[in-house]
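*Asks:* One structure is given below, represented as structure tokens, and several questions about it will come after.
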Amino acid sequence: MSEHVMRAVTVKEFGGPEVLTVEEVARPEPLPTEVLVRVHAAGVNPVDWKTREGQGMAGLQTLPLALGWDVSGVVEKVGFGVTTLAPGDEVYGMPWFPRAANAYAEYVTAPARQWARKPATLDHVHAAAVPLAALTAWQTVVDTACVQAGQRVLITAAAGGVGHFAVQFARHRGAHVIATASAARHAWLKELGADETVDYTTTRFEDAVSGVDVVIDLVGDAHDRTSTRALKVLRPGGLLVAVPSGVSPDLLAAAETAGVRATPYLVEPDGTALTTIAGLIDAGEVTVEVAETFPLERVAEAHTRGETGRTRGKLVLTVAD
């Protein structure tokens, strides 16, 4: 293959997994302050298949597009002005979000400071599972909720990609962590740091939990009005961080009536936070769960698997050896 072209997963029209096709496209070149990264692995996230369907971040994209925001790889080339990275450096990142990053491809370009050095203890597959999910968890738990030691934190969908990081970050901050997941995930979540677990398949969490300082809701009101139900478990003045669905006028009004707070949230690229997270991973304080890997050519299978909503941890596409 010419050095001017690369393989990339292309979406020409919104739809089901069948719209994902691997094609040869032009290889990007780094602009000043950018780096060109050879992708070794790319994480798969719910926002990917939602965008593929025409939802998620679809309103910010232009067809045809290449999906994906999670990358682990090696710097191939640096643009003018880059002093923090050099060719050969192993990096990971979530570039450009919510604009298109084209991570389902052999090469990606992005500003140097949206990357961080890959955790030394992880291979590229596990590193690619980190950026979007871990940044979402870090920015909700640490930056948005400012979770403190001794606080009670409820995390819904705790066994998923974002959830399993949120459990660990809340534990790292010294919180009392309550996690919702199916019973089969409870022992694993307690290993990660959950103090209590609730089986959402048999128990309404609002019937089992109360006096919570912070709820990190990773389900949203679109499913069984989860965000609205979460208001019931908060102490007066407590905070709901509603990640997937945001905060509707009805939810905001319900929060005000209940005497609690509610805020929407959207993850941002943050190389500095990724450096901190890499340090926690390398110190053995945070672990990364990869449920399954797929070669780039089987991307449709990865999306189909992810859309079941039953994944423990993350799904990852393998792009290069």
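The values are calculated or read from the model by the stated rules, or taken from the named source; none is laboratory data. Values in this document were obtained by computation on a predicted structure and should not be read as measured data. Reconstructed Cβ throughout: ideal geometry from the backbone, glycine too, with neighbour counts over all protein chains shown.
*Asks:* Please state which one of Pro98, Pro87 is in contact (Cβ under 8 Å) with a residue 24 or more places away in the chain and surrounded by fewer than 18 Cβ atoms within 10 Å (Cβ to Cβ).
*Replies:* Numbers: Pro87 fails: in contact (Cβ under 8 Å) with a residue 24 or more places away in the chain.
Of the residues listed, the single one that is in contact (Cβ under 8 Å) with a residue 24 or more places away in the chain and surrounded by fewer than 18 Cβ atoms within 10 Å (Cβ to Cβ) is Pro98.
Residue-by-condition table, conditions (1) of a type outside the set (Ser, Thr, Tyr); (2) assigned to a strand (DSSP E or B); (3) touching a Pro at 6+ places or on another chain (Cβ under 9 Å); (4) at pLDDT 95 or above:
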| position | (1), (2), (3), (4) |
| --- | --- |
| Glu3 | yes, no, no, no |
| Arg7 | yes, yes, no, yes |
| Phe14 | yes, no, no, yes |
| Thr21 | no, yes, no, yes |
| Glu29 | yes, no, no, yes |
| Pro32 | yes, no, no, yes |
| Val37 | yes, yes, yes, yes |
| Asp48 | yes, no, no, yes |
| Gly68 | yes, no, no, yes |
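*Asks:* Would you pick out the residues in region 123-177 that are within 17 Å of the chain's Cα centre (by Cα), part of a loop (DSSP other than H, G, I, E, B) and over 18 Å from Arg235 (Cβ atoms)?
*Replies:* Ala129, Val130, Ala157, Ala158, Ala159
*Asks:* Check Val286, Val267, Val299, Val316 and return the single one that is closer than 29 Å to Gly68 by Cβ, assigned to a strand (DSSP E or B), of a type in the set (Val, Ile, Thr) and at pLDDT 95 or above.
*Replies:* On the way: Val286 fails: assigned to a strand (DSSP E or B); Val267 fails: assigned to a strand (DSSP E or B); Val299 fails: assigned to a strand (DSSP E or B).
Residue meeting the stated conditions: Val316.
*Asks:* Filtering region 37-64 down to residues that are among the aliphatic types (A, V, I, L, M) and surrounded by 21 or more Cβ atoms within 10 Å (Cβ to Cβ), which residue is nearest to Met6 (Cα to Cα)?
*Replies:* Filtering first and then ranking leaves Val39.
*Asks:* Please state which of the following conditions Val299 fails to meet, knowing it meets all the rest: (1) out of contact with any strand residue (DSSP E or B) (no Cβ under 6 Å at 6 or more places or on another chain); (2) outside the structural domain of Phe169 (by TED's automatic domain parsing); (3) surrounded by 22 or more Cβ atoms within 10 Å (Cβ to Cβ).
*Replies:* (1)
*Asks:* Report every pair of residues separated by at least 6 positions or lying on different chains whose Cβ atoms are under 8 Å apart, first residue within region 59-70 and acidic (Asp, Glu), second part of a loop (DSSP other than H, G, I, E, B) and modelled with pLDDT of 90 or more.
*Replies:* Asp70/Asn45; Asp70/Met94; Asp70/Ala103; Asp70/Ala129; Asp70/Val130
*Asks:* Can you tell me which residue in region 111-122 is farthest from Thr263 (Cα to Cα), limited to those that are outside any loop (DSSP other than H, G, I, E, B) and of a type in the set (Gly, Ala, Ser)? If you could, list the steps in order and put the result at the bottom.
*Replies:* Looking only at region 111-122, we keep the residues that are outside any loop (DSSP other than H, G, I, E, B), and these are 111-117.
Next, from what is left, pick out any that are of a type in the set (Gly, Ala, Ser): 112, 116.
Details: Ala112: 30, Ala116: 28 Å.
So the residue we want is Ala112.
*Asks:* Condition test on His126, is it surrounded by 20 or more Cβ atoms within 10 Å (Cβ to Cβ) and either assigned by TED's automatic domain parsing to the domain that holds Glu34 or of a type in the set (Gly, Ala, Ser) (or both)?
*Replies:* Values: surrounded by 20 or more Cβ atoms within 10 Å (Cβ to Cβ): yes; either assigned by TED's automatic domain parsing to the domain that holds Glu34 or of a type in the set (Gly, Ala, Ser) (or both): yes.
Considered against the rule, which asks whether it is surrounded by 20 or more Cβ atoms within 10 Å (Cβ to Cβ) and either assigned by TED's automatic domain parsing to the domain that holds Glu34 or of a type in the set (Gly, Ala, Ser) (or both), His126 comes out as yes.
*Asks:* In addition: Please go through region 75-110 and give me each residue that is of a type in the set (Gly, Ala, Ser) and either in a loop (DSSP other than H, G, I, E, B) or within 15 Å of the chain's Cα centre (by Cα) (or both), ordered by number. Walk me through it before giving the result.
*Replies:* Filtering region 75-110 for residues of a type in the set (Gly, Ala, Ser) gives 79, 81, 86, 88, 93, 100-101, 103, 105, 110.
Gly79, Gly81, Ala86, Gly88, Gly93, Ala100, Ala101, Ala103, listed by residue number.
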